[in-house]
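The values are calculated or read from the model by the stated rules, or taken from the named source; none is laboratory data. Since the model is a prediction, treat every value here as computed from it, not as a measurement. Neighbour counts run over all protein chains shown; Cβ positions are idealised from the backbone, glycine included. Side chains included, ligands, DNA and RNA excluded: accessible areas come from the protein's heavy atoms. Shrake-Rupley method; radii C 1.70, N 1.55, O 1.52, S 1.80 Å.
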Amino acid sequence: ALFGASAEADELEKLRLAWSAGALSNFEYLMQLNTLASRTYSDLSQYPVFPWVLCDYTSASLDLSNPAVYRDLSKPIGALNPSRLQKFLSRAEAIRDMPDMPYFLYGTHYSNLGAVTSFLLRLEPFTSIHVDLQSGSFDSPDRLFHSIPLAWKAVNSNMADLKELPPEFYCCPDFLSNSNELPLGQMQSGAIVDDVVLPVWAASPEEFIRT
């Protein structure tokens with residue numbers, strides 16, 4: 001549906017063939033798809049979106065030749081957890097015949113302005129935009145993005161969290177470090193929100209991005 005026009009369909013086929021032949025990297029291919037879908041770095045409400053690719057953020061090491069470490073890309077993020085998907089389906093059926101209630105399956109989007117600024121809040125201009133969205137202060141520390149393993153857990157269990165990723169997860173380690181020493185607060189557990197907590201298998205932000 002996104003590529004109904006003949007010229008766009010032709011361009012998509014050219015991209016697919018170039019990617020299949022190895023002339024485009026996965027990153028370049030996904031960026032081109034985002035461009036064809038009118039997604040751009042200039043609009044946070046239509047920011048480029050990349051998928052979570054790995055699904056193991058707790059092991060001490062990763063064997064990237066093992067299919068089990070990869071997320072099932074045949075399904076949207078909301079369908080990865082069968083029990084949560086059933087809850088979505090049950091809710092959708094419950095509202096199907098309700099007056100003045102539009103039918104929907106997922107109640108939130110996989111990418112929006114809030115999601116982008118949440119992931120990238122340690123970098124400007126996203127810091128300032130996040131603060132503006134929160135009426136002049138940072139969001140509650142417990143709601144801030146502070147851990148990659150916990151973020152993956154949330155998008156597989158939380159009914160209100162279906163976030164996919166900005167491209168920075170695959171090219172920019174800087175968003176994982178609180179290099180500007182932002183006062184992000186203390187969680188109810190007592191932990192201070194600072195640098196993003198990485199998977200055990202990543203010794204540094206650079207290693208996380210590279211992996």
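Before moving on, here are some points about what is shown:
- None of 147, 157, 177, 83 is open to solvent by 50 Å² or more (accessible area, probe 1.4 Å), under 18 Å from the mean Cα position of the chain (by Cα) and under 25 Å from residue 52 (Cα atoms) except 157.
- Selection from segment 66-85 of residues that are closer than 25 Å to residue 16 by Cβ and either touching a residue at least 60 places away in the same chain (Cβ under 8 Å) or not in a helix (DSSP H, G or I) (or both): 70, 71, 72, 73, 74, 75, 76, 77, 80
- Segment 38-53, residues that are free of Cβ contacts under 8 Å to residues at least 60 places away in the same chain and open to solvent by less than 40 Å² (accessible area, probe 1.4 Å): 39
- Reported count of residues in segment 60-75, each being closer than 16 Å to residue 202 by Cα and exposed (fewer than 13 other Cβ atoms within 10 Å of the Cβ), is 4.
- Single residue of segment 1-17 satisfying the filter (free of Cβ contacts under 8 Å to residues at least 24 places away in the same chain and not charged (D, E, K, R)) that is nearest to residue 157 (Cα to Cα): 1
- Search result, residues across segment 18-37 that are open to solvent by less than 50 Å² (accessible area, probe 1.4 Å), part of a helix (DSSP H, G or I) and free of Cβ contacts under 8 Å to residues at least 12 places away in the same chain: 18
- Conditions (1) open to solvent by less than 70 Å² (accessible area, probe 1.4 Å); (2) in a loop (DSSP other than H, G, I, E, B); (3) of a type outside the set (Phe, Trp, Tyr); (4) farther than 23 Å from residue 48 by Cβ: number failed by residue 200: (1)
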